[in-house]
1. Spelling out what I want: for every residue of the range B:122-135, take phi, set θ = phi - 60°, compute 6.51 cos²θ - 1.76 cosθ + 1.60 (Karplus), and round to whole Hz; glycine and proline get x.
2. Using 29 Å as the Cα-Cα cut-off, could you pick out the over-long pairs in A:525/B:230; B:20/B:456; A:581/B:617; B:209/B:525?
3. Could you work out the percent of alpha carbon pairs in the range A:2-156 separated by over 29 Å, rounded to a whole number?
4. Give, as a single signed number, the net charge of other residues whose beta carbon lies under 15 Å from the beta carbon of residue A:363, with Lys and Arg counted +1 and Asp and Glu -1.
5. Just to confirm the filter: which GluC sites (Glu not before Pro) across the range A:416-495 are DSSP coil and have at most 14 other Cβ within 10 angstrom of their Cβ?
6. Expressed as a rounded percentage, what relative contact order does chain A have, with Cα pairs under 8 Å and six or more residues apart?
7. Using just the alpha carbons, could you tell me how many Å³ per residue the convex hull of the range B:525-686 encloses?
8. Tell me, what HN-Hα J-couplings in whole Hz come from the Karplus equation 6.51 cos²θ - 1.76 cosθ + 1.60 at θ = phi - 60° for each residue of the range B:302-307, using x for Gly and Pro?
Number of protein chains: 2
Amino acid sequence: MKYLLVLLLAGFTSGAQIQKEQLNLMPWPQSIVLNDGSFTLTKNFKVNITGNPNPRIFGGVTRFLRRLDGRTGIFFEQGFIAKLNEVPTAELQINCTKSGKIALYEDESYHLDISQNKITINATSDLGALHGLETLLQLLQNNGTSFYFPNSQISDFPRFTWRGLMIDAARHFQPVDVIKRNIDALAAMKMNVFHWHLVDDQGWRIEMKKHTKLIELASDGLYYTQEEIKSIVKYADERGILIVPEIDVPGHGSAILTAYPEIGSKVTTLTGGTSEKNIQGTAIATYGIERNAGIFSPTLDPSNPKTYQLLSEFFDEVCPLFPGSYFHIGGDENEGKDWDANPKIQEFKKKNKLANNHELQTYFTMQLVPMLKKHGKQLMGWEEILTKNMSKEAIIHSWRGPNEGVMAGQSLVDAVKKGYKTVLSNGYYIDLMYPVESHYLNDPMPKGADLSAEEKERILGGEATMWTELATPATIDSRVWPRTAAIAERLWSAETVIDVPNMRKRLDVVSFRLEELGLTHIRNKAVILRNIANNQSIKSLSEFSNVCEPLKGYKRNKGGTEYQMYSPLTLFADACTPDAKDALAFDDAVSQYLANKSPENKAKVAAYLNKWIAVNKGLNELSSNAPLVQPILPLAKKLNDISEQLLLVLDNKSTLKAEDLQKLVEECDSKDYADVELAVYKSLKKLI
Amino acid sequence: MKYLLVLLLAGFTSGAQIQKEQLNLMPWPQSIVLNDGSFTLTKNFKVNITGNPNPRIFGGVTRFLRRLDGRTGIFFEQGFIAKLNEVPTAELQINCTKSGKIALYEDESYHLDISQNKITINATSDLGALHGLETLLQLLQNNGTSFYFPNSQISDFPRFTWRGLMIDAARHFQPVDVIKRNIDALAAMKMNVFHWHLVDDQGWRIEMKKHTKLIELASDGLYYTQEEIKSIVKYADERGILIVPEIDVPGHGSAILTAYPEIGSKVTTLTGGTSEKNIQGTAIATYGIERNAGIFSPTLDPSNPKTYQLLSEFFDEVCPLFPGSYFHIGGDENEGKDWDANPKIQEFKKKNKLANNHELQTYFTMQLVPMLKKHGKQLMGWEEILTKNMSKEAIIHSWRGPNEGVMAGQSLVDAVKKGYKTVLSNGYYIDLMYPVESHYLNDPMPKGADLSAEEKERILGGEATMWTELATPATIDSRVWPRTAAIAERLWSAETVIDVPNMRKRLDVVSFRLEELGLTHIRNKAVILRNIANNQSIKSLSEFSNVCEPLKGYKRNKGGTEYQMYSPLTLFADACTPDAKDALAFDDAVSQYLANKSPENKAKVAAYLNKWIAVNKGLNELSSNAPLVQPILPLAKKLNDISEQLLLVLDNKSTLKAEDLQKLVEECDSKDYADVELAVYKSLKKLI
């Protein structure tokens, strides 16, 4: 009898017992216990909410149901959930003790318990419950005919309280729908901060009702209306996301100064006029919206009272749009050239005993502190604001590293030792096209530094930064995702969760699932390739893009002037991404072959080489009716040539001299074509 | 010397002389003359604008440049164009005599002249110039290395003044970005009216600042804020598109009556109470937002003064949001059940000598005329408003046909004969998944009817209608496009432009180009299939989708209750479209084979059959880890079975009896699986 019962129970479970390693959770929870059996999803599945949550939970649960029915095709009976305790008998019970506040240090923990007939999510607030729902969605399993959740108990909470993404909407304007879908993705990845870079040399992006010149002269008509900002703030609130706006001053000032040249630091020396009326002296310079990328001299004048009057008025109009407690004032990359050249500013420095431009900038920044405090906001700035007289309330945003001539994340350690709170972005510059691994292993808690518990607590977390010199609304998602999901895990999960291959395996599934939120990081690749192919087959382009990566660091846009803000970003490099899909798989195949030269292992390597020979042929055929394919051909040819030779090498039939073979491989280490590099170069090299 | 000159000139042209048949223009222009030679596009290409255009031309030209650089990858030097006569020496010169008004009967003509070194667009107004720029973009040609425009002269103007698309934002709410990208596509297709169906049984979608109950109780939180509406109106204006809003009354009233049950027609008979307090009598019924599709009884009470008071207040709030001169009040599908059952309404009819419900509805509609006139708006309604006492100023929207038990477009003829202006939508119901050919050949000018010139003039044009019972923001574009482009041609081009194969060839290119506007009609297919495939390869699904079409007419959602407004539309049918890609090609292959049973022709047919056998195998493999594939398998099996047999038939090796073969083919005429049908059924049948 007992034996029969066991058999029957086994019959109820939806497939073989699942192992932790099979779960594609990200960020990985703090604690997870898997039990036997599972909860099978049916049409009758319902959700009930109890306790005292913020009403944002209703939208959250409604969206949860729509994502679950979208994935499973199951026609659930529940439509829009708008009330507490609507279905007391529901299989999924969510209970929250209190209403969550959109702020730092909130309790975001949740407990998820799945058993055969019942699922519960218990959380202090709706914020934790929303996280729990995301975990539940990630737990969804299936066999050939049905969907189920494995019986399990998960207790979870974040390691860091600041888990952010910055999007630069100044360089390339990013419309409302781009921001909203990325906020959805942040919520799915249990992130909680959206840092909105709204003003830079290339534009002012906030509708101003009093200072309309900022919009009329400094936005090219590309800006968010105040209503749009409010709608995004509401959208973010509903998803548990805090918005931190940024107006970058006193440097990066081209746009502001295009509208208000009178508060700029640059002086123009006038000489000229007529013989009757000789003009000599200085005058206010004029400015224009910047079209290039880089660091530019336009800087606000810290000696001019009007500067502070205007900034105070700007903040009076902008601050009320953002209910959060933090305001980012930039403060980075002010090289002080225009300050040095301006006699009035030099005099001001002397008068105020400001020894250097750092002290002058501190003076400037300190004027902003009360302007923000008036609106209940704490000042945050890039690490350059960290100078000796800076207010201890300021949050230091650590970003510089070797590229800027300093030690990576040094400012983070400096800041906490001096008593400042800090957020790390060095190592999270996702616009630079580095592989996911480099970001994933970049821990906000510095390894070598000898920090006290108190100092460690001042490290609030980290933030991925998406600068948009080279990203349009059509391409930005593929620059942000999926790598930001790995950063989300670094900021949420335990310090010990650092298994890169395991992360990669999970990331692949997470990336696929992010599509349901409307992200275009996968789908838009084909759009770009169709355009390049001129409506011919994209097969060869697609396969070639799987071994190509956009140039990394600042290499693509040499000097910042190759691409202007309106240059086409519909090129092959824009369809490519870091972590090229076939590169890792090829490297594995090569390693296996080198470890064991079995016919099977040889065949695997040969299959890639043959594929690339076919790709080269395909691209050449395409190119006769597709000019945009031309720039790719030389690189495809290099890959073709080495592939042909390596096929001979595999069969011991190569007649090429070692040095000539070497040369052919080295040809593949090129950064000269189509702004991409071959991600298989190093693996190819292993074969010779 | 002369000979040499000719050779040199030939050297300057970018390829062989192009023929009209090679141009992929849509809508086809009224007059086009192709000349020898071409204008080659280079980095130095610039645009200059002169005359007195509306400032919308600046954005239009800037967008034109961005689309052109996106397609060609050429780094033009011009960024944002904001002034008249900025570059007098520019190669493209645009001149407009006057500022275009967003209204009917505007002069939308343009003349485009392309020669070796210069392009000119001359238009009465910027509206014509914008059309000219779209034609120029469509003229773009290329060889293997460069892009060029063929030398030509085009004179163009629309045949009808009303060329519209309706989107239903009530059934499935369609967010701002969906509306905006579709407006872009309308402009690209030279259409000029966007009819916005904003209120229906399933929701009220307009933010109301005075009557907030409409939003709080009748929108599920899914509505456009007034600011969003204004931003869409502005967006449309910038693209030459008139917006015609619709509030559908007195039928389709569930949402309005959910908020204001007191103006509903339904009476509830009360019986009950306690033994002490006996309740007897009638009371106001309650209503709920409708979740199903279909025709429902909730109807506004035409005998209640409060109905008119509220409607008048609604219009007072909504009309100012829309600067256009037309307001659509619906008026369709009022079956009058609740009117018949309401004694008060019956009494009202008698008192006002209204013989029947038609006259009662006319009475109702006539009350709305002055409410709209107050805001400078003319009333438009679905054809049911066409009754004997209807104001002659009303525009009749003709929509019914055989499905509604009347002759197709009969109301259009009735309307013009009675002196009404009219717009045709019968035959343009793109939500019903009919092939493009059926819409393309549906001319607003009725063939048989004997109409005077004056009567013909009252036919303003036509409108594609996209009802959204079965369309979400993720799928709507593929329901609207590319078929609406063919309707655009019907409404713009000469009556004689009716070559279907030629249209299909051009439509394929037009559809590809529409992607650059952000439309998702192509890219989202893969998204749906990836979800169905559960992140496995979508190859088999994609190939099967190329021979499947969603069930047509009202067959998919039987009784309107199978799908509710929150049911999943992420299914195989949602990835399929009318005019299945491989169906026509297969039919051609079959025809060729039957005409000439050559080995080549046989091989072509066999290739399809073999592909479908592989598809069936592939789908079966997929299904072991993808429950959403299961519903498709029976149909794939049917196609597999007939394909296997037909391969034998081709080789004269079939041993099956004729009737069994017949049976196998007939099995393919199925509407029982996955809400799709096999578009190759008829072609398969030809082979036996």
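Just so it is clear, none of the values below were taken in a lab; they were calculated from the coordinates. Note that this is a predicted model, so its numbers are computed, not measured. Cβ: placed from backbone, ideal geometry, glycine included. Neighbour counts: every protein chain shown.
1. Working through the residues one at a time gives 10, 8, 4, 9, 4, 4, x, 4, 4, 4, x, 5, 5, 4 Hz.
2. Details: A:525/B:230 33 Å; B:20/B:456 31 Å; A:581/B:617 26 Å; B:209/B:525 39 Å.
Violating the 29 Å Cα-Cα cut-off are A:525/B:230; B:20/B:456; B:209/B:525.
3. Values: 1959 of 11935 pairs.
So the pairs more than 29 Å apart make up 16 percent of the total in the range A:2-156.
4. Working: positive: A:344, A:349, A:350, A:351, A:353, A:388; negative: A:301, A:347, A:359, A:384.
Taking every other residue near residue A:363 into account, the sum is +2.
5. On the way: sites: A:437, A:454, A:455, A:457, A:463, A:469, A:489, A:495; in loops: A:469, A:495.
Listed in order of number, the matching sites are A:495.
6. On the way: 1328 pairs, mean separation 76.1, N = 688.
Relative contact order for chain A comes out at 11 percent.
7. 115 Å³
8. x, 9, 9, x, 5, 4
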